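Below is one structure, written out as structure tokens, with a few remarks after it.
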Amino acid sequence: SVVFSAIQEQDEDAKTTHIPSSGGGSETDRQPWNTLYGEQIESLLVVGDGDLSHSAAIAPSLADVGVKLTATVLEDQETHHATYQQSKQHTAAILSHDHSVMFGINATDMISHFPPDTAFFDRIQFNFPHWRGKANHRYNRRLLDDFLRSASDYLSERGEIHIALCEGQGGGTATTKQEWRESWKAAEYAATHGLLLRSVTPYQP
């Protein structure tokens, strides 16, 4: 899981990048998933959530700690219900905990869906973004770049963007130039949008 924060909001402690060993690092290296800089987050935007199973799974625990969840998917509602067998079930589960579900949301063009300067999130999360089909790195890099550009405008004052990537995709653990060239260069694109790589840790389902 790769975490980015806005550069201008970083304090000295936040300017370090933690990349754990293959063993996963110690538990003390990680903050609880529902905190930000040691303080509990208040809002979470999940984008590109497939069949909404992830958001449905975390909806109850988020409600218990007072975190407002906005779950979004790219497909319109009719298409989503027709495509995913448990779409309606997952939607109902999320809504039953007073969270929100939004259909037809393009994570690379959030300004088309959220009013500028009014919608801000403590955390924006994209789990395993991938261009449709068996695409080359160029398309996946553009997807990542466009998402980071779009999402950076909707972070709260000290918000974070969390992206779950497969081993090697982010480039943060590259040890050779070749490995870096073959990665999606997440940190490089983030930097162009005023974001700083804050940490790289094993993904926690």
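The values are calculated or read from the model by the stated rules, or taken from the named source; none is laboratory data. Keep in mind that what you see is a predicted model, and the values were worked out from it rather than measured. Heads up, the Cβs are rebuilt from the backbone with ideal geometry, glycines too, and the neighbour counts pull from every protein chain shown. The area values use the complete protein model at the heavy-atom level, side chains included, leaving out ligands, DNA and RNA. Shrake-Rupley method; radii C 1.70, N 1.55, O 1.52, S 1.80 Å.
Is it the case that Ala71 is assigned to a strand (DSSP E or B) and surrounded by 14 or more Cβ atoms within 10 Å (Cβ to Cβ)? Spelling it out, Ala71 is indeed assigned to a strand (DSSP E or B) and surrounded by 14 or more Cβ atoms within 10 Å (Cβ to Cβ). Within region 41-68, if we keep just the residues that are in contact with a helix residue (DSSP H, G or I) (Cβ under 8 Å, 6 or more places away or on another chain) and within 18 Å of Phe121 (Cα to Cα), the residue that is most open to solvent (accessible area, probe 1.4 Å) turns out to be Lys68.
With the requirement that a residue be under 12 Å from Ala6 (Cα atoms) and buried (at least 16 other Cβ atoms within 10 Å of the Cβ), what does region 120-157 give you? I'd like the intermediate steps shown before the answer.
From region 120-157, those under 12 Å from Ala6 (Cα atoms) are 122-123, 148-149, 151-157; that's our starting set.
Scanning region 120-157 gives Asp122, Arg123, Leu148, Arg149, Ala151, Ser152, Tyr154, Leu155, Ser156.
Looking at Asp109, Asp117 in this structure, which one is open to solvent by 30 Å² or more (accessible area, probe 1.4 Å) and either in contact (Cβ under 8 Å) with a residue 12 or more places away in the chain or in contact with a Gly (Cβ under 9 Å, 6 or more places away or on another chain) (or both)? Of Asp109, Asp117, the one residue that is open to solvent by 30 Å² or more (accessible area, probe 1.4 Å) and either in contact (Cβ under 8 Å) with a residue 12 or more places away in the chain or in contact with a Gly (Cβ under 9 Å, 6 or more places away or on another chain) (or both) is Asp109. Please give the number of the condition Lys88 fails out of (1) in a helix (DSSP H, G or I); (2) free of Cβ contacts under 8 Å to residues at least 60 places away in the same chain; (3) under 26 Å from Ala190 (Cα atoms). Condition not satisfied by Lys88: (3).
For residues in region 166-182 being in contact (Cβ under 8 Å) with a residue 40 or more places away in the chain and within 21 Å of the chain's Cα centre (by Cα), which is most open to solvent (accessible area, probe 1.4 Å)? Checking each candidate, the answer is Thr173. Looking across Arg132, Arg142, Arg123, one residue alone is assigned to a helix (DSSP H, G or I) and of a type in the set (Lys, Arg). It is Arg142.
Within region 145-186, track down each residue that is in a strand (DSSP E or B) and touching a His at 6+ places or on another chain (Cβ under 8 Å).
none
Within region 137-151, residues that are without any contact (Cβ under 8 Å) to a residue 60 or more places away in the chain and of a type in the set (Phe, Trp, Tyr) have Cβ atoms under 7 Å from residues that are open to solvent by 10 Å² or more (accessible area, probe 1.4 Å) and not in a helix (DSSP H, G or I) in these pairs: Tyr139/Trp131, counting only partners at least 6 apart in sequence or on another chain.
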